[in-house]
Each structure stands twice: as structure tokens, then as C-alpha cells.
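To start, the structure itself, in C-alpha cells.
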Amino acid sequence: LGIGLVVTLAITGAMGRMVSVADAIAAGRLDNPIKVSGRDEIARLARSVDTMQSALRHAREESLRAEQAARRAGAYTRSLIEASLDPLVTIGPDGRITDVNAATEGVTGRSRDDLIGTDFSDYFTAPDRARAGYQQVFREGSVRDYALELRRQDGHVTPVLYNASVYR
């Protein structure tokens, strides 16, 4: 998340300086010039600038808090995924793998980076059956004890029972 705001203030009391403000407008560096004269108007403008600076500081602090909360939530989610001793795979509706845990790396013989983005069904001896299984999950919400055979990178085949549910 990021909040960006650029405020340019030009304060002038002399017409000669207005030419440079007009040049700045023409160059696209200043959209809305404010001409201020008198101590009261300058003091009011200074208070407005202080208020804007305070609001910007507050927005930056809130943005930092939100970023920290997002990082903590991500770390918590990652720790939950890794806590499972069973292989855990998340996939999108298109069947592409979006995440795996270390147990999945061990069972497949492939790294997390190699697995993410690939088609889940490609790792089974019957890809069409595997595809039908995850389509059932997305259609019905879950599947239990769905028999498949997983093919490791080294060619070894392991029978597995596929259990899955949709999460949001």
C-alpha cells in the first residue's frame, strides 16, 4: 500500500514573482496557484500546511501499520501451511498450483518454485482423473478419500488419498 501526494505552494507578494508562478503553471509544475497577501492570510495558510502535514504523517503511519499487519498475516499463513506433516497444495480454479508446503516437496521430489504455476493434474498417473477431482472440489466444496497415484520426479508411483476443500 502506498499513499502519495505532492503539494506545491507558491507564496508571493510581488507581481514580478507571479511571472515565475505562471511559468510553473505553464510547465505543469503548479496546477492551482494561491496568491496570499497580509499576515492573517499567511498565518491561515501556514496552519493549513501544518494540518496537511499532520494528515500526511497520520496516513503514512496507518499505511505502515497496514503493511506490518499484512506481513504478519502472511507469515502466520505460511507457518500454518508448513505445520502440516501431510502434503498440502493450494490450487486455483484453473488447476494451477499456487502454493505448497515442504511435505509436498518431499513427496513429489520437486521444489516449491518448480511446482508453483504448474498444472496440479500433471503430477498424477491419471491426469484426467486428478482434474475431475479438483473440479469436483470447486463444484461441491470438498472431496474425501479420492484415490489417485502420484508420480514423483524420479518416476516412483505412490498411491494417495486426495482430500480437499475450498477455502476463501
Matching option when the condition is among the aliphatic types (A, V, I, L, M), open to solvent by less than 40 Å² (accessible area, probe 1.4 Å) and out of contact with any Pro (no Cβ under 7 Å at 6 or more places or on another chain), among L85, L64, L80, L115: L115
Residue identified as under 30 Å from R151 (Cα atoms) and over 19 Å from the mean Cα position of the chain (by Cα) among D50, D94: D94
Selection status of S121, without any contact (Cβ under 8 Å) to a residue 12 or more places away in the chain and touching an Asp or Glu at 6+ places or on another chain (Cβ under 8 Å): no
Extreme residue, surrounded by the fewest Cβ atoms within 10 Å (Cβ to Cβ), among residues of region 131-156 that are part of a helix (DSSP H, G or I) and of a type in the set (A, V, I, L, M): A132
Residues of region 103-127 classified as farther than 17 Å from P159 by Cβ, assigned to a helix (DSSP H, G or I) and in contact with a Ser or Thr (Cβ under 9 Å, 6 or more places away or on another chain), total: 4
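Let's see how each residue does on (1) among the polar types (S, T, N, Q); (2) within 30 Å of L161 (Cβ to Cβ); (3) not in a helix (DSSP H, G or I):
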position	(1), (2), (3)
D40	no, no, no
A46	no, no, no
S54	yes, no, no
E61	no, no, no
A66	no, no, no
A75	no, no, no
S79	yes, yes, no
L85	no, yes, yes
Complete set of residues in region 91-102 that are surrounded by 15 or more Cβ atoms within 10 Å (Cβ to Cβ) and either within 17 Å of H156 (Cα to Cα) or β-branched (V, I, T) (or both): I91, I97, V100
D128 being open to solvent by 30 Å² or more (accessible area, probe 1.4 Å), farther than 16 Å from T98 by Cα and either modelled with pLDDT of 95 or more or of a type in the set (A, V, I, L, M) (or both): yes
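The values are calculated or read from the model by the stated rules, or taken from the named source; none is laboratory data. The structure displayed is predicted, hence computed values, not measured ones. As a convention, Cβ positions derive from the backbone with ideal geometry for all residues, glycine included, and neighbour counts pool all protein chains shown. What goes into the accessible areas is simple: the full protein's heavy atoms, side chains included, and nothing from ligands, DNA or RNA. Shrake-Rupley method; radii C 1.70, N 1.55, O 1.52, S 1.80 Å.
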